[in-house]
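Notes follow once the structure below has been shown.
The values are calculated or read from the model by the stated rules, or taken from the named source; none is laboratory data. Values in this document were obtained by computation on a predicted structure and should not be read as measured data. Backbone-built Cβ (ideal geometry, glycine too); neighbour counts: all protein chains shown.
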Amino acid sequence: MLNNSFFYFFTLSLFKNRKRYFAIVTISTLVIFLLSSVLFLSDSIKYSINSQLELEPDLIVQKRLGGRVVPLDESIVDTIAEIYGVSQVTKRVYGRYYFDKEYSALIFGVDFLDEQSSKALAKLLNREDLKRFLSSESMLVGEGVFNYFKSHFYPKAYNFLTPSGKIKSVKILKVLDRRSNLFSNNLIILPQELAKEILGLKSNEISDIALNVPNPDEAANIQRKLEGLFLNAFISGKREMQKEYENLFNYKGGLFLALYLIVVMTLSLILYQRYSLANSLEKREVAILRSLGWSIKDLLGLKALENIMLVLFSFTLGLFLGYLYVFILKAPLLSELFLGKNLQTQIEFLPHIDYLSLATIFILYATTFLSAVLIPVWRVATTEPKEALS
Amino acid sequence: MNPLFLNNQVIVYLFSEAALLALTILLFAKIVKFLWFWDFRSYSNRQLKLEKEAYLAMTIATLLFTLKSVLLIFFVHTIDKLSLIIPGAMCAAGVISANSYGMDLLFIKLTVIFTLLLFLIANSYDLQAKTYPLFRFKSWVLIIASGLIFIEFFLDISYFTHIDTSTPVSCCSALFGNLEGANPLPFGLDITKLLLLFYMLYLGTIIALTLETKTITLLTLLLFGVIAYYGVVYFFGTYIYELPTHKCPFCMLQREYYYVGYLLWGSLFFGLFFGVIWVIMSQVGYNITKAKWASMLLLTLFVALCSLYVAIYYSKNGVLL
């Protein structure tokens, strides 16, 4: 059956009946578009977060009193560095600075004596900038922060109010690259001593300690050692963070999908209705083919091929539109749902498509579509020629 | 609520399985009607209607076969992804053995695909002969298939509801690898004997298929299936991973190994399927040489692929693992 003239006939009939399929393709494309844009968006954010998480330290040591994170004493760093199997122990100083009730930024202090952070900084700044950064009291700011400063008439420097009541003027050295806006939009990078002053930490205090464990098999063991190091120690790991993010995204995406299933069920009902109302023209077509000697099996094959083409066509079109909407038009409206409103500048979504997501969309759609149209299609294909032509 | 049920893939997977279950229930009802009322010599209205409905059953079975095959691959991928949120798991092996339903579920899935394939082949021969000689046979095959799909759906639900995301599971090297000296192989075999048996059973299968001896073919096919599974997990797999301690049937399905697992397991299972189908079909009077050749070809491909990994490793490194 599957020979050249069959396919010729198939294409002809597909073109001739394109009006009949128009409504079906439109509504299916819309449904695919909705799902694919949500999944593209969440995949892109997930990808950015995961690639950022890869750079995160393996373990973080904090001190918690009654659930609150409190500053650590610096001297503990040397004890941790002596544990076997631990590398790149870094002191970290960070905290949130509230400009007013609504707007806040993350302040991050960089230690220049620390090899790793100075390397990372060297990537952001060239040599001259680095010199200026070290010699004067200056900062690197994310785009969101910079826009805030500009709108409040601080285009060159900002006067921070320290917890002790003093005013600290800090120059703006550079605005960070907008490609990393998801993380750096509300970020201020400062030399560590300056950051301590603005955040109200004493000179021997730090926020927490980050460290790496090159051999993953030892991570659990080292975690136990760290927990025994001092009272109220709280150790968190990278893997736990990955799991938390995964669960968070599953929650947002899953909630959407659970509601979306209702849409899919509606689609299947519409399709069932639409296919059940096969007009007399279609029945007559089937009748003519049967009287020309086509078997029911051939007709079912033709109809199956027709519907598979429809599925593939609307799937591709819907995906294409979803891609356009998310990565070219930057997903207006939808991005606010995912990211919240506190980000004030545009975020660059890195085009990243997870093939499993594509498979997910396709399976959901193909199963629904084909199951819904199966019975009506069979009914049309088995129409008796005598019934249809009379 | 179990956080797994918010995972996109799990939702879509269970939804699709439920949609297919609805079709299966319809199919089952039709088949029962066929077995009850089918009388090809009758010219009654009912018989004519039944003959039309037979086409519906056929279409549903074709759709089920296609979508179940796709869903099997999707399922394996999904549980592989789930290893991120289940503590201790590093690939699908850990997740699938998170509870006792997992392995049964995989086995049932393969059996469902096998029975549906058997139906499709029987059906195509049945339609060629104008008098539906195989009608009762293929109906019973579908009854079995739908029964298996009911069990499969039950296992699907049980499997996903019984995964606990707080208790750690084992990773594949703990499941298959370091068993502290205990011999994981059946019948007290060691690796040399296993390999000997592997190649001998392969040869035996090919000879039995060539000589068309049904009982021996069935026996060698089943034994070869078991031995091939152990052979891949405990010997050939280590050459795919190029690591003597990495023993896992699932990791080879991942991108790091160029998805070779699909080709490997696919050629093994479909080789076995076609072989068994040849035996069953010749039992009902149809000697399908195509199925026989397909079986021999796929099994040969499987054995060649396995051996090739070992040969390439040896030629590169000059030693065996």
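Do you know which of the residues in the stretch A:330-375 that are among the β-branched types (Val, Ile, Thr) and not in a helix (DSSP H, G or I) is modelled with the highest pLDDT?
Result: A:ILE353.
State all residues of the stretch A:286-309 that are crowded, with 18+ Cβ neighbours inside 10 Å and closer than 30 Å to A:SER37 by Cβ; if no residue qualifies, say none.
Of everything in the stretch A:286-309, those that are crowded, with 18+ Cβ neighbours inside 10 Å and closer than 30 Å to A:SER37 by Cβ turn out to be A:ALA304, A:ASN307.
Filter the stretch A:199-233 for residues that are within 30 Å of A:ILE167 (Cβ to Cβ), of a type outside the set (S, T, N, Q) and surrounded by 13 or more Cβ atoms within 10 Å (Cβ to Cβ) and give the result.
A:LEU199, A:LEU201, A:GLU205, A:ILE206, A:ASP208
Could you check, for the stretch A:155-171, whether at least one of its residues is outside any strand (DSSP E or B), surrounded by 13 or more Cβ atoms within 10 Å (Cβ to Cβ) and hydrophobic (A, V, I, L, M, F, W, C)?
no
Condition check ((1) out of contact with any helix residue (DSSP H, G or I) (no Cβ under 7 Å at 6 or more places or on another chain); (2) assigned to a helix (DSSP H, G or I); (3) more than 12 Å from every other protein chain (Cβ to nearest Cβ)) across all residues:
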position	(1), (2), (3)
A:ILE209	no, no, yes
A:PRO214	yes, no, yes
A:GLN223	yes, yes, yes
A:GLU240	yes, yes, no
A:LEU259	yes, yes, no
A:VAL264	no, yes, no
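Go through (1) farther than 26 Å from A:LEU358 by Cα; (2) in contact (Cβ under 8 Å) with a residue 60 or more places away in the chain for A:LEU53 and report which single condition fails.
Here A:LEU53 clears every test but (1).
What number of residues within the stretch A:266-288 satisfy the criterion of being in contact with a Pro (Cβ under 9 Å, 6 or more places away or on another chain) and within 14 Å of chain B (Cβ to nearest Cβ)?
Total satisfying the criteria: 4.
Out of the residues in the stretch A:47-88 meeting the condition of being part of a helix (DSSP H, G or I) and crowded, with 19+ Cβ neighbours inside 10 Å, tell me which one is nearest to the other protein chains (Cβ to nearest Cβ).
Across the stretch A:47-88, the extreme among qualifying residues is A:SER48.
Conditions (1) of a type in the set (Phe, Trp, Tyr); (2) at pLDDT below 80; (3) within 27 Å of A:GLN52 (Cβ to Cβ), marked per residue:
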{"site": "A:LEU124", "(1), (2), (3)": "no, yes, yes"}
{"site": "A:SER138", "(1), (2), (3)": "no, no, yes"}
{"site": "A:GLY144", "(1), (2), (3)": "no, no, yes"}
{"site": "A:LEU161", "(1), (2), (3)": "no, no, no"}
{"site": "A:LYS171", "(1), (2), (3)": "no, no, no"}
{"site": "A:ASN186", "(1), (2), (3)": "no, no, yes"}
{"site": "A:SER207", "(1), (2), (3)": "no, no, yes"}
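Given the criteria surrounded by 12 or more Cβ atoms within 10 Å (Cβ to Cβ), in the same structural domain as A:SER138 (by TED's automatic domain parsing), among the basic types (Lys, Arg) and in contact with a helix residue (DSSP H, G or I) (Cβ under 8 Å, 6 or more places away or on another chain), does A:LYS196 qualify?
So A:LYS196 does not fit the description; no.
Can you pull out the residues in the stretch A:355-390 that are within 36 Å of the chain's Cα centre (by Cα), more than 8 Å from chain B (Cβ to nearest Cβ) and either without any contact (Cβ under 8 Å) to a residue 24 or more places away in the chain or closer than 13 Å to A:ILE288 by Cβ (or both)?
A:TYR355
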